[in-house]
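Down below is the structure, laid out as structure tokens.
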Amino acid sequence: NAGVTQTPKFQVLKTGQSMTLQCAQDMNHNSMYWYRQDPGMGLRLIYYSASEGTTDKGEVPNGYNVSRLNKREFSLRLESAAPSQTSVYFCASSDQTRYSYEQYFGPGTRLTVT
Amino acid sequence: GESVGLHLPTLSVQEGDNSIINCAYSNSASDYFIWYKQESGKGPQFIIDIRSNMDKRQGQRVTVLLNKTVKHLSLQIAATQPGDSAVYFCAGLEGAQKLVFGQGTRLTINP
């Protein structure tokens, strides 16, 4: 099992450009998440999808859109990138049980907006 | 909503000593907490979790303690090794789906 995979690993954008970050999981998990991580800060939730066909805003959704393409894939889109969106982006998935809410994280995408 | 915070942004310990990383939370209704380890350039990895009906849970070389009275939890790492160098995050469950993360403590191991 690959777990959670993310593409690309690195990306440089100019202000105003758009791009989509891809995420896929092969663990048959229902829930998927997008976080951003800025230096010296913890992970902040951008959007999440509790199940296929549903998405909800997290703590910092402005400037982003998401698509839960199917159970495996959850993409994050920046329509018009801004320097404030320079960050490391992590995708995660989970299958909450009665005993655990563990989220499994991908390796991250390092995005720089100039 | 929930908020969690770590007491120290950095912690330096001698190899072989025990490490204690502390975390405070705000929402007394939170009933689940989790610790993650993040090595440089990687995504966070699960270490251990605990539900609010427990005070203590042990794993391999790690122990999590939960004090609901003062809304505090700690991660103890026994016999710290160089491979334990990383940033450690605590997180609390908010609602049924979301984890709220603290800012992280960077653990450095001195030889």
Those residues of the range A:32-59 which are over 12 Å from the mean Cα position of the chain (by Cα) and either under 20 Å from A:Pro107 (Cβ atoms) or of a type in the set (A, V, I, L, M) (or both) amount to A:Asp38, A:Pro39, A:Met41, A:Gly42, A:Ala50
Subset of the range A:38-54, residues without any contact (Cβ under 8 Å) to a residue 24 or more places away in the chain, surrounded by 14 or more Cβ atoms within 10 Å (Cβ to Cβ) and of a type in the set (A, V, I, L, M), comes to A:Leu45, A:Ala50
Evaluate the following for A:Ser93: is it over 12 Å from the mean Cα position of the chain (by Cα) and under 23 Å from B:Phe101 (Cα atoms)?
-> no
Selection from the range B:57-95 of residues farther than 26 Å from A:Leu45 by Cα, more than 13 Å from the chain's Cα centre (by Cα) and basic (Lys, Arg) yields B:Arg61
Per the filter on the range B:11-40, residues within 13 Å of chain A (Cβ to nearest Cβ), surrounded by fewer than 20 Cβ atoms within 10 Å (Cβ to Cβ) and modelled with pLDDT of 95 or more are B:Glu39
Considering residues that are in a loop (DSSP other than H, G, I, E, B) and either within 11 Å of chain A (Cβ to nearest Cβ) or at pLDDT 95 or above (or both), the number found within the range B:41-52 is 4
Among (1) of a type outside the set (Ser, Thr, Tyr); (2) in contact with an Asp or Glu (Cβ under 7 Å, 6 or more places away or on another chain); (3) within 14 Å of another protein chain (Cβ to nearest Cβ), B:Asn110 falls short only on (3)
Heads up, the strands (runs of 3 or more DSSP E) in the range A:3-86 (entirely inside) with at least 3 residues that are within 29 Å of B:Arg106 (Cβ to Cβ) are A:4-7, A:10-13, A:19-25, A:31-37, A:43-49
**Study point:** Boolean, B:Gln60 is surrounded by fewer than 21 Cβ atoms within 10 Å (Cβ to Cβ), without any contact (Cβ under 8 Å) to a residue 12 or more places away in the chain and within 14 Å of chain A (Cβ to nearest Cβ)
**Key:** no
Condition set surrounded by 16 or more Cβ atoms within 10 Å (Cβ to Cβ) and among the aromatic types (Phe, Trp, Tyr), scope the range A:55-108, selection farthest from the other protein chains (Cβ to nearest Cβ): answer is A:Tyr64
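The values are calculated or read from the model by the stated rules, or taken from the named source; none is laboratory data. Being a predicted model, the structure only gives us computed values, none of them experimental. Backbone-built Cβ (ideal geometry, glycine too); neighbour counts: all protein chains shown.
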